[in-house]
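Participant: So that we are looking at the same thing, I have put the structure below in structure tokens.
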Amino acid sequence: MAASRYRRFLRLCEEWPTEDSKRQRDLGLFLRQRVAQAFREGENTPISDPEACDQMYESLVRIHTNFYKNKYPRLKETTFTGVTVEDCRTILATDILKQMDDMKKGTWKRLREKFSAKKPEEDSK
């Protein structure tokens, strides 16, 4: 029975898309890592709580298939602020977040990081 659960999770991982714009914050990559961690022995992995495993799988399938988005359709594709889904994706991209963090730094700190030979993490130690 563990073999069929393992195969179902693998199939779900294959179908789940990854977003390159969200490096190290992507749900698809996180899911793949957790499945690899949970099923270290592959099909031979003993499952301590099969009911919880099945419940987790069903929950992930509902997220993947947009079950609740389809069940409760929205009247508009924007939020109350008027931001669209594409705008949110752009804002939450890793590169944009890094640029925003760089903008928050003061001029002195940016210059010190630019001309310093050591990394900024070493300065705080």
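Computed from the coordinates by the stated procedures, all read-outs in this text should not be read as laboratory data. Please read these numbers as outputs of a predicted model, since none were measured by experiment. Methodologically, a virtual Cβ is constructed for each residue, glycine included, from the backbone with ideal geometry; neighbour enumeration extends over all protein chains shown.
Participant: Does the range 1-73 come out rounded, prolate or oblate, given a ≥ b ≥ c as the square roots of the eigenvalues of its C-alpha gyration tensor, rounded meaning a/c under 1.5 and, failing that, prolate meaning a/b above b/c?
Facilitator: Oblate, since a/c reaches 1.5 and b/c is not below a/b.
Participant: Along the Cα→Cβ direction, 7 angstrom out, place labels at Leu27 and Glu14. What is the inter-label distance in nm?
Facilitator: With each label placed 7 Å out from Cα toward Cβ, I get 2.2 nm.
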